[in-house]
Amino acid sequence: VLVRHLIDADCRKFLLLFRERITAGDHVMLDAARDELSAAGFALADVTLRCLPTDAEAIAAEVRELLAAQKERVGCLCRAEPLARGVAEAARLLRLPAKRKPPIAVADVSRRADAVPEFACVETVVSPEEYGAERGRVLVETAAGRKPEPYRK
């Protein structure tokens, strides 16, 4: 959904930003982005992947260099909000014209239910409290030596 949002925003190059420590969820996101971009006819050369620390200056410096080198609109898919804020800061520092300002989409957004997200994101179908309770249930089941049932609401 997020990659399709960037394609629909007329992006022709893509920057995928992940945390420096990759986990299984990152693999799922990367595979889905690859599949969607490939299905839309984009080549591997249209995609840049970076795994960065959560240091705001490091993110902004890396992204600033990458954005400055591009002549086409770059869509930025970020795994977490600190990465998205780094993209926004890099774009601000570069003073990019509106047609080259990178659309930013974030996969992992943490916010109050009544807050408007700063970046494009997907909404979860469960609240953070429900998600935490479900994870707790799975851990309790596992610790008790039982195989947890799939998610249940």
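The values are calculated or read from the model by the stated rules, or taken from the named source; none is laboratory data. Everything numeric here is computed off the predicted structure, so don't read it as measured data. Because the Cβ atoms are built from the backbone with ideal geometry, glycine has one as well, and the counts that use them run over all protein chains shown. Accessible surface is based on the protein model in full, side chains and every heavy atom, while ligands, DNA and RNA are left aside. Shrake-Rupley method; radii C 1.70, N 1.55, O 1.52, S 1.80 Å.
Quick notes on this one:
- Residue list for the range 2-20, filter: in contact (Cβ under 8 Å) with a residue 12 or more places away in the chain and more than 11 Å from the chain's Cα centre (by Cα): ARG4, HIS5, LEU6, ILE7, ALA9, ASP10, CYS11, ARG12, LYS13, PHE14, GLU20
- Among the residues of the range 86-102, the one identified as part of a helix (DSSP H, G or I) and either β-branched (Val, Ile, Thr) or touching a strand residue (DSSP E or B) at 6+ places or on another chain (Cβ under 6 Å) (or both) is VAL87.
- Condition check for LEU6: assigned to a helix (DSSP H, G or I), at pLDDT below 95 and within 18 Å of ALA84 (Cβ to Cβ): no
- Out of ARG79, ARG85, ARG50, one residue alone is among the basic types (Lys, Arg) and at pLDDT 95 or above. It is ARG50.
- Any hit, the range 21-34, residues being surrounded by 12 or more Cβ atoms within 10 Å (Cβ to Cβ), of a type in the set (Asp, Glu) and under 13 Å from the mean Cα position of the chain (by Cα): yes
- Of all positions in the range 36-57, none carries a residue that is in contact (Cβ under 8 Å) with a residue 24 or more places away in the chain, part of a helix (DSSP H, G or I) and out of contact with any helix residue (DSSP H, G or I) (no Cβ under 8 Å at 6 or more places or on another chain).
- Single condition LEU49 does not satisfy, out of (1) of a type outside the set (D, E, K, R); (2) surrounded by fewer than 17 Cβ atoms within 10 Å (Cβ to Cβ); (3) more than 23 Å from ARG100 (Cβ to Cβ); (4) under 12 Å from the mean Cα position of the chain (by Cα): (3)
- Selection within the range 59-84: residues that are in a helix (DSSP H, G or I) and open to solvent by 40 Å² or more (accessible area, probe 1.4 Å). The member of this set that is nearest to GLU118 (Cα to Cα) is PRO82.
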